[in-house]
Amino acid sequence: MMQGKKAMKVFLFLCCVMLASASAAWAGPDRLPSVPAYQNNRAEAPAGQQLTPQVPLSPEAMTSSASQEYVLGVGDRIKLTVYGEGDLSGDYDVGSTGIIALPLIGDIQAAGHPIRAFENAVRGRLAQGYLRDPRVSAQVINYRPFFILGEVAKPGSYPYVNGMSILNAVALAGGYSYRADKSDVKLTRANDPARGEISVPETAVVMPGDIIRVPERFF
């Protein structure tokens with residue numbers, strides 16, 4: 001009786017093995033179900049390149065273009081237009097105290113502020129009981145001078161020309177002296193005096209109010 005049960009178990013095991021072999025042979029490599037590969041949401045960079053991660057812009061980065069707007073300073077002359085109000089429009093200088101005295105609304109701080117901020121200040125002051133929905137536009141018509149010191153033929157202050165470089169500034173000052181160290185020209189930004197002097201190449205852009213210093217070479 002025990003031998004019959006063992007024989008039956010062996011027979012069933014052999015049947016299972018044969019059925020499994022037959023199923024694999026019938027399916028073949030082309031009939032095997034495909035398993036979808038794992039996919040993520042990252043884009044793949046072309047060969048030899050690396051993707052730069054996309055980081056959301058911070059508020060500071062989003063307003064960086066605004067922070068690079070021209071900042072008014074003492075000596076600038078602006079043209080202010082208040083549409084429909086000829087008596088309030090005109091050309092005004094930023095005084096030594098940094099303010100512009102305007103008719104009707106009085107003194108407005110200008111130095112140290114972007115020109116668009118000055119526009120908004122004038123607009124806000126006019127809207128306080130003077131005009132309904134005032135439209136204001138301001139533009140610089142005469143920039144404050146820049147200064148060049150040290151080893152140039154004619155050190156001093158010179159009228160600013162939009163887009164000028166260090167080399168242009170040196171040319172206005174009569175060129176380098178024979179003692180000039182052309183490789184170590186110093187620049188102090190008018191809008192960032194706390195930064196102090198920085199070394200700049202001759203191609204560096206000059207801004208109104210900047211101070212350029214050409215040092216003397218020692219060999």
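The values are calculated or read from the model by the stated rules, or taken from the named source; none is laboratory data. Given the structure is predicted, the values throughout are model-derived calculations rather than measurements. Ideal geometry is used to build each Cβ from the backbone, glycine not excepted, and the neighbour counts take in all protein chains shown.
For the reader, a short list of remarks on this structure follows.
- Of all residues making up region 98-111, the number that are part of a loop (DSSP other than H, G, I, E, B), within 33 Å of the chain's Cα centre (by Cα) and farther than 18 Å from Pro208 by Cβ: 0
- Residue in region 117-135 that is among the small types (Gly, Ala, Ser), in contact with an Asp or Glu (Cβ under 9 Å, 6 or more places away or on another chain) and loosely packed, with under 15 Cβ neighbours inside 10 Å present: yes
- Within region 141-154, tally of residues that are within 17 Å of Ala190 (Cβ to Cβ) and crowded, with 17+ Cβ neighbours inside 10 Å: 5
- Filter result for the condition that a residue is of a type in the set (D, E, K, R), in the same structural domain as Gly95 (by TED's automatic domain parsing) and in contact (Cβ under 8 Å) with a residue 12 or more places away in the chain, over Arg189, Arg179, Arg132, Arg123: Arg123
- Enumerated strands (runs of 3 or more DSSP E) restricted to region 112-219, each holding at least 1 residues that are farther than 22 Å from Gly90 by Cβ: 146-150, 156-158, 185-188, 198-200, 211-214
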